[in-house]
Every structure is written in C-alpha cells, then in structure tokens.
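Structure record follows, encoded as structure tokens.
The values are calculated or read from the model by the stated rules, or taken from the named source; none is laboratory data. The shown structure was predicted, so the numbers you read here are calculated from the model rather than taken from an experiment. A quick note on method: Cβ atoms are made from the backbone with ideal geometry, for glycine too, and the neighbour counts reach across all protein chains shown. With ligands, DNA and RNA removed, areas are computed over all heavy atoms of the protein, side chains included. Shrake-Rupley method; radii C 1.70, N 1.55, O 1.52, S 1.80 Å.
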Amino acid sequence: MIQGIGASSGIAIGKAFVLPNWEWDLPEQKIDVADLAREFDRLYEGIRTSKVEIEQMKDELREVVGTEESYIFDAHLAILDDPVFMNEIQGIIQRQYKAAEVAVKEAIDHFVTMFDLLDDEYMKERALDIKDVGNRLLKHLLGAPEITLPSDTQPFILVAKELSPSQLAHLNPNHVFGIATLVGSTTSHSSIMARALGIPLVVGLESKLEEPIQTGDMLIVDGDTGIVHLHPEDSLVKQYTELQKRQYEANQRLKGIVSVKPVTEDGKEIELAANISSLKELDVALASGTNGVGLFRTEFLYMDRSRLPKEEEQYEVYRSVAEKLGGCPLIIRTLDIGGDKHLDYFELPEEDNPFLGYRAIRICLDKTDLFKTQLRAILRASSFGKVKIMYPLISSLEEVKAANALLEEAKQELTAEGHSFDENIEVGIMIELPAAVMIADILAEEVDFFSIGTNDLVQFTLAVDRMNDQISHLYEPYHPAVLRMLKMTVEAAKRGGIHVGVCGELAGDLRALPLWLALDVDELSMSAHAILPIKERLLCLKQQASRSMFEKLLKCKTSKSIHEMLAAFQNDQSSDMDVKSTAFRTS
Ligand code: PEP
Ligand code: MG
C-alpha cells in the first residue's frame, strides 16, 4: 500500500501506463547574425500555432467539463503574451545567438527554477503552466512527436511524474480509469480538471514508492483515501470492485439532484449551506449546489503564516467568497482561536483548561484592534454579497453588546473614510455553550440569527473534552440532555422571530435530519461532501412524520434508546426511500 494524497475522488482499478518524460533534442551550434530574423519568424510562427491549438483545446474542453475549468487555458494564452517571458526568449536569441528552440527551453528552465524555489504552492503551479506552454511551443519549433498512448483501446491508469493540463486535455476520459502522479498537489490545474472530468487521482507518491511503477503493472488508485496499491491480491481487487460499484451508483444518483430544491415531501424547505475555511473548499461546495455558506471558519486565514493578516488581505478573501456566492448568504464567523487552534505568532497563555480559557470572542473583546481589523474587512466585503457576521462562544448578553459596540465603531470609521458597506448587515451568534441556550430568549432579542455549534455544545453540555480520545465514548451528541438543549434553542429563536441554523457536525449527520425537520430549523450548514447525501434523504422525508417521531424521542431516557428509535425511523424511511428515489431518477 502506498499512501499519497487524494486529489480527485473515486476508485480506479487497472493496468498502469507510465508516461515517458518529454525529452528534446536541441541544436548545439550558435546561429549566424544573418539568421536572426529567421529565428524570430520561427518563434512568432510557433507562438501563433500554439495559440490556435490552445484555443481549440479550450473549446473542446469547454464542451466536456464546462466553462469554469476551460479557463485554465486562458492562463496558458496569457503566458504566450507575457512580456517578461517573451523578452527573456527574445533576449537569448538576440544577444546569445541561440536558436529559437534553445532560447525557449532556457527561458522555461529559468522561470521554472525561479518559481520552484519559492515556498508557495501557487507559484509552483505556475511553474507547471510555463513548462506546459513552453513544451507546446518547443513541439512546434522542433516538430517533436506527441506522446503516444497505448494503441489498443483498453483503458489504463496513467502514471506520470507530473501531468500538465494539456496532457490531460488530450486524454480521452473514457480511456483513463485513473491517474497517479509522483508530484503535484490537490490545487493544481490538473487536479481541478481531473475532478471536473471525474477521473480518480492520487498525487504526491514520489517519496513513498519503494519500487518504480512500470507500464503493465496492476494498480488500484483510491482518490478518496489517497491510497495506491501496486500488484494487489485478487481478493483486494474484488473488494475494491464492489466498493467502486457502490460509489458509482451513489454518485450517479447524487449528481441528478445538484440543482433540485432542498424540500421535504410535504413541503418543508431547509437551506443547505456549506462550512468552509478557504476559497478552495468553496469551489467544492458550489459544485454540490450549496445554498450559501453557513460557517466561514476564518481562523484558518490566520494560520500558516508569520503575522496577523492585514485588513486588506482579509477583505480580498471575504470579498472573493461573497462574489463567488453571487447573492447567496455568507456567514463569516469572527476569529475563533484558542482551545485546539493556535497561531504560531500569537502567544496564548499556558492554561490548564484551554477549552474553558482565553479563546474566541474573549480574545477579540480583549484585543480590540485585532477584532476591529477583522470587522472592518468583513464590513467592506458586505458591499459585494449577502454577508452576515457571527460571533463564536457567546455566553452572555454583555458579550454580544460589547462586540456590537466595536462593530458600531468600525462602521463609523469606515463611513468617515468613505468606504461603503451594508448598513443593515445581519449579526448573529453561535449557540455552543449551555449558558447561551439557557438565555437564548434574551439573546434572541439582540441578534438577527442563531447558528447552533453542536461540536462545542455537546462538549460543554456533557463536560467531555472533544479532543480527548480516552473519553471519546462519552462524547454523545444523541444524549437526552443535548436534545433538550437543541429544542430550547430553536424554540427561543422561533419565539424571538429570528432565523436559526445548525453548523456543527451534527448538521451533516443523516441520522439527525429528522430531528432538524421536527424542530423546524431554517438552515443546515455542513462540510461540502455531506450536502448532496443530506439533500437526497431530505427529498424523501416528511416533516410531519419526523415531528411524531421526535415527540417520542423526547421521552427517551437514554442515548441508547434515542439511537434505537432513530435507527428504526431510518429503516422505515429507507425502504420507502428506495421506492421514491427510483421514481425520482426515472422522472
Ligand atoms: C461547533 O462548535 O459546533 C462549531 C461549528 O465550531 P468549531 O467546530 O469550529 O468549534
Ligand atoms: Mg465551536
């Protein structure tokens, strides 16, 4: 078993075809001064032909994977128009009297080495783009042959050191079961394309391989777990074949409901939103037909760096997310560090109980500059979409008022500076502490919405550290005490006439769905991969049946009996659901 990084989900089983590296046979001798003009003509002709070819590829790809992914080739066209890249090539021809192909190769090597040295994934990806475009140009200058794929029509698993978008675009997806690359990242253009094409892909195998993979070797590539099996036993192949079949059937079903409204059989609609922590995750969420972002965990913007992000940097990110959501709601949660989330450059005190300690809104109300910088960035982004603000770890009305007072200051500053923002921006809080549940009626008068953070609410209701393995069996979301907390919260929100959502893990748990229907929550926000399975179940459920079941559930005295009742309900619904989903698929 070889552990790589899963970059495009799905399972591929088949024989490997190992892609040879492109090697170029370049002329060694210098050119004469008299031949300079000829070399420039060859270069420009090569550029023209490359551009035509890229445009064609872009059109073909647009038909297969859609406009979103075909934009990748715009980046390639831009390189061919880039004055810095072109000046480098022209300079080498003009000053060093080298042939056009030699100049192109040296310019590629120069930029690729430069970008590779930078400790920045994005720039490394750009290095791959330059190599890809450069190789295309070289092909036209040298007339070198394209890589020939196996001539029989047997599909294969492509194995390569790295794979460029052009190489991927030339592949017939029907001939490629899957791909495994030695280098690469999940954010590369090839990974984006593989996902769009639905080809399983595992990257980053280089340091894990004990023996090289050869053409013809039997492989299993699991794009979900990032695992590759070389020379698998028959029993393993059988196991994966079964898994592959089940995944295929499930995916086909789910793809059909991406743009279907999330509404129960008896008409209850629930917004299905996504929890994200980066722009990358937003793309996956959008592909799952999300109704918005119910939780943007902004602390990840503060991690993996050496200083606090400036207002401008934060504003750019929040604005991009808001724009990409095109009018769908975006709930931005203010900084929630402390507990298990640390910043290398921000000294937090050593504490005996960090989860009960200096964290989240408590830090923000103490370090008001840090908090106001974020509030200003969020406010400014609110001009570009339906942005809402959410405070985490609220335990009292005073905290909400103090946070709102700083928000008011931020608004006044921005107005004085001439910045525009949504004056009526909605402000909500996370309900994740028992104290907040108990005073939910008071808090509901002060805010526009609640979002229930079940991850922390379970931890604090049951006094079970969510990070402690030794007591993880006590971390029980289906505890009667938790059910009562949830009920109290939603009822207080309803009485106060405010929107109520759920953004903890329980929102994406299929077993909990009848609970949310019975409670009549407005929104469920979850990790993107949970959206379609939840929607599929929602379409076949009835709110009324969930309500009747919930009445009985509230009488359960133990978690065990709650689990049993939910399982029995799920079984009843599933047999019903099989009939309905078949009808749905054929309608
Ligand atoms: C929660 O506590 O449920 C929640 C969504 O917040 P986090 O998991 O980021 O603490
Ligand atoms: Mg939390």
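Hey, does region 472-481 have a residue that's assigned by TED's automatic domain parsing to the domain that holds residue 564, aromatic (Phe, Trp, Tyr) and modelled with pLDDT of 95 or more? For region 472-481, residues assigned by TED's automatic domain parsing to the domain that holds residue 564, aromatic (Phe, Trp, Tyr) and modelled with pLDDT of 95 or more: present.
Quick one: which of 340, 283, 336 is within 16 Å of ligand 2 (Cβ to nearest atom), farther than 14 Å from residue 389 by Cα and among the acidic types (Asp, Glu)?
Details: 283 fails: within 16 Å of ligand 2 (Cβ to nearest atom); 336 fails: farther than 14 Å from residue 389 by Cα.
After applying the criteria, what remains is 340.
Looking only at residues of region 152-177 that are under 17 Å from residue 214 (Cα atoms) and not aliphatic (A, V, I, L, M), we find that the one that is most open to solvent (accessible area, probe 1.4 Å) is 154.
Yes/no per residue for (1) part of a loop (DSSP other than H, G, I, E, B); (2) at positive phi; (3) touching a Ser or Thr at 6+ places or on another chain (Cβ under 8 Å):
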| position | (1), (2), (3) |
| --- | --- |
| 312 | no, no, no |
| 317 | no, no, no |
| 324 | no, no, no |
| 327 | yes, yes, no |
| 330 | no, no, no |
| 350 | yes, no, no |
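Within region 312-323, can one find any residue that is within 21 Å of residue 291 (Cα to Cα), of a type outside the set (A, V, I, L, M), modelled with pLDDT of 95 or more and in contact with a Lys or Arg (Cβ under 9 Å, 6 or more places away or on another chain)? The answer is yes, given that some residue of region 312-323 is within 21 Å of residue 291 (Cα to Cα), of a type outside the set (A, V, I, L, M), modelled with pLDDT of 95 or more and in contact with a Lys or Arg (Cβ under 9 Å, 6 or more places away or on another chain). Find the residue count for region 20-38, including only residues that are part of a loop (DSSP other than H, G, I, E, B) and either among the hydroxyl-bearing types (Ser, Thr, Tyr) or at pLDDT 85 or above (or both). The qualifying residues number 3. Restricting the first member to region 415-438 and to residues that are within 16 Å of ligand 1 (Cβ to nearest atom), and the second to residues that are open to solvent by 60 Å² or more (accessible area, probe 1.4 Å) and at pLDDT 95 or above, the beta-carbon pairs closer than 9 Å and six or more apart or on different chains are 428/448; 429/446; 437/484; 437/488.
Every condition in (1) out of contact with any Asp or Glu (no Cβ under 9 Å at 6 or more places or on another chain); (2) farther than 21 Å from residue 421 by Cβ; (3) without any contact (Cβ under 8 Å) to a residue 40 or more places away in the chain; (4) more than 16 Å from ligand 1 (Cβ to nearest atom) holds for residue 308 except the one numbered (3).
Checking each residue in region 265-279 for being among the acidic types (Asp, Glu) and within 10 Å of residue 290 (Cα to Cα) picks out only 271.
Looking at region 439-455, which of its residues are at pLDDT 95 or above and within 13 Å of ligand 1 (Cβ to nearest atom)?
At the first step, the residues of region 439-455 found to be at pLDDT 95 or above are 439-454.
Those that are at pLDDT 95 or above and within 13 Å of ligand 1 (Cβ to nearest atom): 450, 451, 452, 453, 454.
Tally time: how many residues in region 432-456 are within 11 Å of ligand 2 (Cβ to nearest atom) and in contact with a Gly (Cβ under 7 Å, 6 or more places away or on another chain)? Residues that pass the stated criteria total 6.
How many of the residues in region 69-85 are out of contact with any Asp or Glu (no Cβ under 7 Å at 6 or more places or on another chain) and open to solvent by less than 20 Å² (accessible area, probe 1.4 Å)?
Within region 69-85, the subset out of contact with any Asp or Glu (no Cβ under 7 Å at 6 or more places or on another chain) is 69-74, 77-78, 80-85.
This time we only want the ones that are open to solvent by less than 20 Å² (accessible area, probe 1.4 Å), so: 70, 72-73, 80, 85.
Going through region 69-85 one residue at a time, the tally reaches 5.
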